[in-house]
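Notes to accompany the following structure.
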Amino acid sequence: MQMTWFRCSVSILLVLICSALPSPQALPYCPWPKCWTQTERIQVHPVKYVPVPPQLKGALEKGLGKDVTKAQRGFLSSCFPKWQNHRSMSFLQYPQVLKVSMESSPYFQLDCPNDVYRKVPAGMSTHVRVCFTPKENKDYSHELVCMSQRERIVVPIRAIAARAILDFPDQLDFSVCPVKYSTQKTLLVRNIGNRAAHYQLSTQSPFSVVPATGTLGAGDTMQVTVGFHPLTAGDHSGSLVVGCTGEESIHINLQGGAEDVNIGLSTYFMKVKSFVNRSNHATVFIRNSSNITAHFQWKAFPTEEFENEKKRRLCHLLQPSTKVLVETFKKEKEIEDEKGFCEDLTALLSNKVKEEMAKVQANPMLFSNDVLFIEPMEGEIGPHCLAKIKVTFKPLEPREYRCVAYCNISGRENRLPLCLRGEGQGPLVELSNDILTFWNTIVDSHHVCEVKLINKGVLDAPFTYIPSTTNVGSCFKFAPEEGIIAPGESQTIQISFNATVVGYFDEQFRFSVAGSPTPVILAICGRVHRPTLHFHTKQIDFGDVSFGFPSTRLCRLTNTSMVPVTFKLRVLDDGTQPAVSSFDQIRRDSDPSWREGLHSSVKPREFTMNPSQGIILPQTYQDIEVTLCSNTATEFKRIMLADVEGSQGKGVASLIIKGRCFAPELQVYPKILCFDDCFLKVPYEKKLFIRNNTLFPGCYGLIPQERKEDSPVFYSSPKPCGIVQPHSTAEIPLVVEAQTWGKHCTSVPIGVFGDERNPLRTELHSYGRLAEIYQCPSRINFGSIRALQPNSRGFSLFNEGLVDVDFRIEIAKKPHCYVIEPREGVIPARASVRVIITATLDDTGHFCDDIQLFIWNRLWKVYVLEGLSVGTTIVIDKPFTPEVNLGYKFSRLPFFCRFKLTNGGHHFHRLFWKVECNRPAKEKGQSTSALSSPKAEGSQRPKRTKHTRPVFELEPPLMDLQPGESVDMVLRGFSRVPQVVRDYVMCEAVIGIGNVVTKIIETTFTCEFINPSVKISARQFSFSVVKLESKEDPEDKMVRGHPSVEKITLWGEARFPNLQIQPSTLEFGCIVAGTEKEHSLEMTNCGSLPVKYHWAFQTDSQVNRSRYELQPPEFKPPQPRMSSLYLHGPATEWGRFMCRNVEELVRAPEESQDLAQSSGAEVLPHTREKRYIAPWLKRVAFFMDLGYTPLEVEKAFSILPLSGVLQPGERQQVSFTFFGHHNTIAGVRALCHVEGGPTYKVELTGEASRVSYSLSPREIDCGLQMFNEIHHSTVTLENTCKVKFNWVINPSTADRHLPGVFLVNPNFSGLRYYSLSRLFGPYIVVLIPVLSAAQNLAQ
């Protein structure tokens, strides 16, 4: 039991001194306030205590080292010293009545009656005893109240428990240490108190202490490490605060000094050069000449204050703005309104910001630069050692880089700066010639030269020409303008100079080299001169020229300069489109310009120079031909200019050109040109004459005729255009073709080139007449034709003229009854065209119509068309006249035949049908039937008298047909005896609205009625089919629909591959997990065909894994026979569930009738049966866990053989093996597929389980027994698994040799599943079952 110790003060004398005071007196100060205090809230008269005598103080401290327990009780005695009057005045002394009281407390009690008055004589003292009973080791406090008539004195009572005291020195001095270096001192601290100390140690920077908190037992020691890590040089002081739980803290003075040690860099400035994108490095050393191991880091900032300021700025930037917070809040509200809930997006944002800020605060702010790299970035340097620092420079651009890296190292207060300067060098490219000159250059002349760019560096030099923006600079072209020059290679630059600015020039051209800060400069200077050209004359006068006729003059152009000149001639105000000459105009006889003149949006180019451009050598000349072909009838004055190539050479020389252009006056005769009678469209030719009486040539042309459909005369000319020379005459052949009959007068215009507004005119007088067109024959008579049947007649049209003639034929009255082929066409000259007219008349009687012949869309003649239409307009869809032969029909069976009648005319018809009988034809006479069939021997045909009833009937016998209407008519025939029938049918009609009855149709129905006569070659048929895909019942009636029937016996036998399998279900029961069990079945080929089979498992079969718990039954169930458990489960992992009733989950699948049963084969039937469920399984609780997935069927069962062939009558044993996987329940269907036959099903069930048992009780306590008496106890061994096992009881080896200790009966046996075995034995028996897996039974 845990004991609690206490420490308290005992035997303290409490003396109460009473004295009479006339008035309150001030007393001296009491220096011991811890023992004696006075409550201000109760004090009536202020009093102070005199100093406590030494003997009293010793009495109070007497019990500091003594411990007491809960059961111990201590007595606390105290006394009050006498009050002393410090005033020198007499006073009366008298006794005082005091009452000493104490509030009720479980720890402090008065040893005298509480709250009782007692009398204390003057100058005497009284003792008060207080009983103190502590319950635990802690401090206690209470109050004792003493009251008199004038004062109330409160005496505090305190009990102080055990204390922990740690032995720390009063001061710790680190002396002088390196700055930024950790110096540690280890103190051995002992707890000299009598209680475990729960301490807390704390100090201030640059001091640290380890451990900060902990517990130190009474009398134990520990090591306290005080660290001194000054960040600045100088003296540092602090205090180590030691605090214990329930004690006052003590302070220990800490002192130390810091100074810089001898650590520095080998150099504080470093310059590195490197090519662009190439790296170069330099080395600097950190020298440690001190005795400490210095740790260094390369920083990006000179002081820690700059780093903290940078971190503060970064953290401030990470703070989300008010806009972001508002948007986050709105988004949160939208999601909450939409879904009803939303996570705290503001909190997520705040957490993310805090994470980013934490990363910023954790960033060491090491040195980082894109082109300058330091390695290592941090490390340690041993005493009196060097550290090699590698500075790598990899410039990105050809320029100078500057930065400062600060080395923060132990032993130095300030960070050591390292000034880094890097110079990036680009490619080094030079020109082969820095200066090029172009002297004596003609303006607008073209010059080409070359210069080379040479790469003298070690880098590829990508160069680009910088285009010049000056006037002269734009005259220069460089090719290529960009490229890449490999190290040591050169690039040829071709320079093209096109001088456009006159005078002296001096230009600089720059090539920018990627990676080089300065471009490559090429200087080009030179002078450009103007060219000088002169014509030998000032003007050229062409005089008078005819319109459209070219005229040529000569001139000379001289080059007086000292350089070759490229010239080009042009005429001011001249057009761009080539002028049209008379020689070109006469070849365009159908051009509209003959009628409208030359009209163009572009002005014609009337002057042509040859040559118009070229090069004239220095001090030479060039003869030039100037040709004028004017298309403008006017007087003109133009200027011809000589331009030199280039923008500065416009109009270097000029020449004036003068002249006048006009069209000569022409005449035509005769003014009237007469043509006699002209057959239509026959050409006739005559000539017109053009006379030119001027001194200039003229150009003329017959203006093309604008032909229209109603133009009466067409005229043209094979040579409509030409040129008439001065004082000469020209001919125009004119062809005239009359288009219409009658007299015509036509004006013919003739145009003059250049004077189209005043054309020459002449008149044509002609008379048109048509050639003879006639028909042969002139009258068309169709004669007598049947109505609604086509009938054709033909005639010919003859053309006696010399030209082809267009014709068209139309019917005047009834065009829908006639078809004309061709209806229109062309009649060749001196030839004929055959025309066929097909008439299909829609009525009966005489008809007459007119044929209209149109020639060239004009009615030429009218011919007569006539004939006679006979018959009827009733149309029958099947052949009906003159005879309808129905062929052979069976007697005693009615037959029907349908006809469709249509009124094809345009008159109403009412039809009346009559059927009359005729005698059948005689054997020797001429038969009226078209049929000729052999007759059976001895058969005779019965004859029918004149008045016998007709065999055939027509329905309906009366019908009305409107024009175009149709109706169905049914012919019905029936004969009781075989005979040849010939009936006469007549149809009479009333046509239109009259009452006249007219016979329109008559015909004869012929039919021969016969009896069926069948000769059968065999009376019985046998069929044998090896394999039936489908079944069809053969017909047993040879004549359909007739009473005569002939019987034929049909016998069929279907054979197909067939098996007999026994048994159809294999139940393996429950076996021990990890073992296997085998069953067999027998297959027999009971058919007459070989059977080819193969085994497979049904696709949806599976083996389920389960974890089950068993509840022991209260009775011993009987062992079932041929029982099985069949469970269906999903193929995927099952969720965790519990099945209390297995019968609800176990369902036997339906068995369907297979092909063998439907075909009647002798196959073992598969019937629907309900699977047996053992009663003990009804109390099994299955727990399916997610970790258990269905097992593959092939891993649980195997079949041998899987396939084979069985001959007829042969038998085959098939073995099925079940493998016991742990905790599996299998229900599988094996399928035996027979090729060409049915599929057989075999149900396989099995289960695997572990061996489990229960033994109760585990301990038998027989208690006290009499000697030589037997005590019996029972122990129950229960089989809790599904398999049978054997068990053996092995007694303990320690008790085996003790006689008469215990006896167990039985000590071995076999135990079936879910059964009990009771063991009997005396005293304490320990039972250890030993199971033999080899003897386990799966029943």
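The values are calculated or read from the model by the stated rules, or taken from the named source; none is laboratory data. It should be emphasised that the depicted structure is a prediction, and the values quoted were computed from it without experimental measurement. Note: ideal-geometry Cβ built from the backbone for every residue, glycine included; neighbour counts use all protein chains shown. For the accessible areas, the whole protein counts, side chains as well, though only heavy atoms, and no ligand, DNA or RNA atoms are used. Shrake-Rupley method; radii C 1.70, N 1.55, O 1.52, S 1.80 Å.
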Among the residues of the range 710-742, the number that are on the phi > 0 side of the Ramachandran plot and part of a loop (DSSP other than H, G, I, E, B) is 1
Looking at 339, 331, which one is surrounded by fewer than 16 Cβ atoms within 10 Å (Cβ to Cβ), in contact (Cβ under 8 Å) with a residue 12 or more places away in the chain and within 48 Å of the chain's Cα centre (by Cα)?
331
Report, by residue number, each residue of the range 678-700 that is assigned to a strand (DSSP E or B), touching a Gly at 6+ places or on another chain (Cβ under 8 Å) and modelled with pLDDT under 90.
678, 679
For the range 443-479, which positions are touching a residue at least 60 places away in the same chain (Cβ under 8 Å), open to solvent by less than 20 Å² (accessible area, probe 1.4 Å) and over 54 Å from the mean Cα position of the chain (by Cα)?
443, 444, 451
Scan of the range 618-632 for residues that are loosely packed, with under 13 Cβ neighbours inside 10 Å and modelled with pLDDT under 90, ordered by number
618, 619
Spans of strands (runs of 3 or more DSSP E) in the range 239-323 with at least 2 residues exposed (fewer than 13 other Cβ atoms within 10 Å of the Cβ), among the polar types (S, T, N, Q) and modelled with pLDDT under 90:
none
Cβ contacts < 7 Å: first residue among the aromatic types (Phe, Trp, Tyr), restricted to the range 158-177; second residue open to solvent by less than 20 Å² (accessible area, probe 1.4 Å) and in a strand (DSSP E or B), any location; separation 6+ or different chain. Result?
168/189; 168/242; 168/252; 174/228; 174/256
Taking residue 598, is it closer than 30 Å to residue 755 by Cα and either open to solvent by 40 Å² or more (accessible area, probe 1.4 Å) or not in a helix (DSSP H, G or I) (or both)?
yes
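Would the range 499-506 turn up any residue that is assigned to a strand (DSSP E or B) and among the polar types (S, T, N, Q)?
no
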Considering each of 667, 705 in turn, give the residue that is surrounded by fewer than 17 Cβ atoms within 10 Å (Cβ to Cβ), assigned to a strand (DSSP E or B) and more than 60 Å from the chain's Cα centre (by Cα).
667
For the range 876-897, how many residues are open to solvent by 40 Å² or more (accessible area, probe 1.4 Å) and under 15 Å from residue 970 (Cα atoms)?
5
Using beta carbons and a limit of 8 Å, which pairs, at least six apart or on different chains, have the first residue in the range 953-979 and closer than 22 Å to residue 875 by Cβ and the second one among the hydroxyl-bearing types (Ser, Thr, Tyr) and outside any strand (DSSP E or B)?
none
Within the range 1065-1084, restricting to residues that are open to solvent by 40 Å² or more (accessible area, probe 1.4 Å) and either in contact with a His (Cβ under 8 Å, 6 or more places away or on another chain) or assigned to a strand (DSSP E or B) (or both), the one that is modelled with the lowest pLDDT is 1074
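Results for (1) out of contact with any strand residue (DSSP E or B) (no Cβ under 9 Å at 6 or more places or on another chain); (2) closer than 22 Å to residue 584 by Cβ; (3) modelled with pLDDT under 80, shown as yes or no for each residue.
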position: 730; (1), (2), (3): no, yes, no
position: 738; (1), (2), (3): no, no, no
position: 746; (1), (2), (3): no, no, no
position: 753; (1), (2), (3): no, yes, no
position: 767; (1), (2), (3): no, no, no
position: 778; (1), (2), (3): no, no, yes
position: 782; (1), (2), (3): no, no, no
Looking only at residues that are over 19 Å from residue 368 (Cβ atoms) and open to solvent by less than 60 Å² (accessible area, probe 1.4 Å) in the range 386-411, which one is farthest from the chain's Cα centre (by Cα)?
411
Considering only the range 517-533, how many residues are surrounded by 15 or more Cβ atoms within 10 Å (Cβ to Cβ) and assigned to a strand (DSSP E or B)?
8
Quick check: is even one residue across the range 568-577 of a type in the set (Asp, Glu) and open to solvent by 60 Å² or more (accessible area, probe 1.4 Å)?
yes
Single residue of the range 1085-1112 satisfying the filter (open to solvent by less than 20 Å² (accessible area, probe 1.4 Å), farther than 21 Å from residue 1205 by Cα and assigned to a loop (DSSP other than H, G, I, E, B)) that is modelled with the lowest pLDDT:
1106
I'm checking my understanding of the structure. Among residues of the range 966-986 that are open to solvent by 30 Å² or more (accessible area, probe 1.4 Å) and not hydrophobic (A, V, I, L, M, F, W, C), which one is nearest to residue 952 (Cα to Cα)?
972
Quick check: anything in the range 1251-1267 over 28 Å from residue 1081 (Cβ atoms) and modelled with pLDDT under 60?
no
Give the range 743-789 a look and list any residue that's over 30 Å from residue 871 (Cβ atoms) and not in a strand (DSSP E or B), or say none.
753, 754, 755, 756, 757, 758, 759, 770, 771, 772
Residue list for the range 205-238, restricted to those being without any contact (Cβ under 8 Å) to a residue 40 or more places away in the chain, in contact with a Ser or Thr (Cβ under 6 Å, 6 or more places away or on another chain) and open to solvent by 60 Å² or more (accessible area, probe 1.4 Å):
210, 223
State which residue pairs qualify: first residue open to solvent by 80 Å² or more (accessible area, probe 1.4 Å) and inside the range 801-820, second residue basic (Lys, Arg) in any location, beta carbons under 9 Å apart, and separation of 6 or more residues or different chains.
802/681; 802/830; 804/681
Report, by residue number, each residue of the range 1239-1287 that is open to solvent by 30 Å² or more (accessible area, probe 1.4 Å), aliphatic (A, V, I, L, M) and either out of contact with any Phe, Trp or Tyr (no Cβ under 7 Å at 6 or more places or on another chain) or in a strand (DSSP E or B) (or both).
1264, 1266, 1270
Give the range 831-875 a look and list any residue that's charged (D, E, K, R), modelled with pLDDT of 80 or more and crowded, with 16+ Cβ neighbours inside 10 Å, or say none.
849
